[in-house]
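K.L.:
Handing you this structure, nothing more for now.
Derivation of every value follows stated rules applied to the coordinates shown; laboratory data play no part. Note that the coordinates shown come from a computational prediction; the quantities given were computed from them, not determined experimentally. Here the Cβ is made from the backbone with ideal geometry for all residues, glycine too, and neighbour counts use every protein chain on show.
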Amino acid sequence: MTDSFRKTISELRSGGSQAARRVHERFVYRLVALAQARLNERFHRKIEAEDVVQSVFRSFFRRVDESQFE
């Protein structure tokens, strides 16, 4: 784990909304593109890539709150 990741996790744990914003801004577009590329046609008609990404962020931030990252 890099020092910058450790610092970000520490800031997130202390309720840093700026850290959360940085994480979102850094990864949102790449994650949406990845989800669009990976969703097959059958699922793509039922769910949007942005919905998948929001679920990813929700899971990530919940896991940070539960101290699942060291």
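K.L.:
Tally Lys/Arg at +1 and Asp/Glu at -1 over every other residue whose Cβ is under 11 Å from the Cβ of residue 35; what's the total? Write down the numbers at each step before the final one.
P.N.:
Numbers: positive: 30, 38; negative: 48, 50, 51.
Net charge around residue 35: -1.
K.L.:
Do you know the relative contact order of the chain, to the nearest whole percent, from alpha carbon pairs under 8 angstrom that are 6+ apart? Don't skip to the answer; put the middle values down first.
P.N.:
Details: 29 pairs, mean separation 26.2, N = 70.
Relative contact order, the chain: 37 percent.
K.L.:
Something else now. Rounded to the nearest 20 debye, what is the charge dipole size of the chain about its Cα centre when +1 sits on each Lys and Arg Cβ and -1 on each Asp and Glu Cβ? Before the final figure, lay out the partial values.
P.N.:
Numbers: 14 positive and 10 negative charges, 20 e Å.
About 100 debye.
K.L.:
Further, regarding this structure: In nm, to one decimal, how far is the modelled label at residue 34 from the one at residue 46, with both set 7 Å along Cα→Cβ?
P.N.:
2.3
K.L.:
Please identify the DSSP H helices in the chain that span no less than 18 Å along the helix axis (Cα) and have a mean Kyte-Doolittle hydropathy of -0.5 or more.
P.N.:
Numbers: long enough: 17-38 (29 Å, -0.29); 49-65 (24 Å, -0.12).
Length and hydropathy pass: 17-38, 49-65.
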